Amino acid sequence: MRPVTLSSYRLRACCAARGASLALALTFAAGSGGAQERTAAASGEVERVVVAMGTSLQLRVSASDRATALRASEAAVRTIERTEQRLSTWRRDSELSRWHASPIGSGFAASAALCEDLRRADRWRVETAGAFDPAIGALVDAYDLRGAGRWPTPAALVDARRRCGMSHVTIATRSLRRDAAVRLDAGAFGKGAALDAGAAAALAAGAETALLDFGGQQLLAGAAASRSLDVADPRDRARPALRLRIDGGSAATTGNSERGRRRDGRLLGHVIDPRTGALAEDFGSVTVLAARAFDADCLSTACFVLGPAGAVALAEQLEGVEALALVVDGDTGALSVRFSSGLRGRVTPLSPGLQLP
Ligand code: AMP
Ligand code: MG
């Protein structure tokens, strides 16, 4: 393990694995002016990369000593594994998959944690007026988003839409029921749930700071003061478009630049508008900041569906939530940016020619 300094480090997102989205590069500072430079030897720093939730997760944990940092990072990894065991739709033995395999209309004895995940996800469906809806498994299949991708026939779309929507799902304290062949897709909230749970476990095990990074989504929890986050250019994710100065909490980016595929000459994205069954229009990318990773994850997907103006309007309505949209002009290829008012003074353009509004 490579020792790093706590006061300043730079983290490159791991995007090679399936499921990672836009690249973000992250730097955080433990304090300003006169902050003591604490090295691995003094403070206990652990950096790990693990495969989780179908992608690559980078963890950096700092604690008063190395043994505590190791224990805390281990607690985070174990907790994230439990989240995956609950929410993965890739794994047939996950709790969510077992529910999907159970008979329609019957009560399924579910963990309190799964019920709580689904309740929170459903709250974001309500808050986003349906732009986010986790009960879209049938549409994900209709577009074959987990496979090679395809454009569904109109009849297949009608059929899939009949099997979508949280209105078919009843969530009780410890049980779940669905009244149609509805399947949930944790693609837009599972990583967020894992980040929150992992960071909480690391702090409970004695970590001072935990930075957990799935590539398109990060969470910084604990004592760190501020960080800067480079948001990738949606035209070329290897290049940063701008730098954001943010405090602790989570940042999630949704965009198609990595996963977008062409089918029959048209871009087949990975975000669906649950209100229509169509794919969300590809305008570039959106980054959402929120205290909790779960919320940032759900909202970045919703904001992509809502488009740049809708994304900023939604963030303005929500306490503690900011949104930034990078928009690629379909004709000229020029990049522009718009963001919610809380980000004023926190954005530095890096891409040549990118103007702040
Ligand atoms: P993200 O990359 O976090 O925006 O999540 C995108 C993933 O969430 C997709 O690959 C689908 O699995 C799922 N998804 C797509 N559209 C939606 C939506 N409107 N609401 C909820 N989940 C979605
Ligand atoms: Mg998301």
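The values are calculated or read from the model by the stated rules, or taken from the named source; none is laboratory data. Quantities reported herein were computed from a predicted structural model and do not represent experimental measurements. Cβ placement follows ideal geometry from the backbone for every residue including glycine, while neighbour counts extend to all protein chains displayed. With ligands, DNA and RNA removed, areas are computed over all heavy atoms of the protein, side chains included. Shrake-Rupley method; radii C 1.70, N 1.55, O 1.52, S 1.80 Å.
What the table below lists for this structure:
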item	result
Qualifying position, being modelled with pLDDT under 95, not in a strand (DSSP E or B) and not β-branched (Val, Ile, Thr), among ALA181, ALA199, ALA207	ALA181
Residue list for the range 145-163, restricted to those being within 13 Å of ligand 1 (Cβ to nearest atom) and touching a strand residue (DSSP E or B) at 6+ places or on another chain (Cβ under 9 Å)	LEU145, GLY149
Answer residue from the range 243-287, given it is of a type in the set (Asp, Glu) and in contact with a strand residue (DSSP E or B) (Cβ under 8 Å, 6 or more places away or on another chain) and is modelled with the lowest pLDDT among those	GLU258
Selected residue [part of a loop (DSSP other than H, G, I, E, B) and touching a residue at least 12 places away in the same chain (Cβ under 8 Å)] from GLY149, GLY192, GLY187	GLY149
Condition check for ASP117: part of a helix (DSSP H, G or I), more than 16 Å from ligand 2 (Cβ to nearest atom) and acidic (Asp, Glu)	no
Test: residue in the range 265-287 that is touching a residue at least 60 places away in the same chain (Cβ under 8 Å), away from ligand 1 (no atom under 13 Å from the Cβ) and not hydroxyl-bearing (Ser, Thr, Tyr)	yes
Single residue of ASP247, ASP236 found to be under 18 Å from the mean Cα position of the chain (by Cα), more than 15 Å from ligand 2 (Cβ to nearest atom) and open to solvent by 30 Å² or more (accessible area, probe 1.4 Å)	ASP247
Those residues of the range 35-52 which are open to solvent by 50 Å² or more (accessible area, probe 1.4 Å) and modelled with pLDDT of 65 or more, in sequence order	ARG48, VAL49, VAL51
Hey, ARG261 open to solvent by 30 Å² or more (accessible area, probe 1.4 Å), more than 15 Å from ligand 2 (Cβ to nearest atom) and in contact (Cβ under 8 Å) with a residue 12 or more places away in the chain or not	yes
Condition met for LEU354 (of a type in the set (A, V, I, L, M), outside any helix (DSSP H, G or I) and buried (at least 21 other Cβ atoms within 10 Å of the Cβ))	no
Candidate set: the range 270-299, residues that are under 13 Å from the mean Cα position of the chain (by Cα) and charged (D, E, K, R); chosen: the one least open to solvent (accessible area, probe 1.4 Å)	ASP297
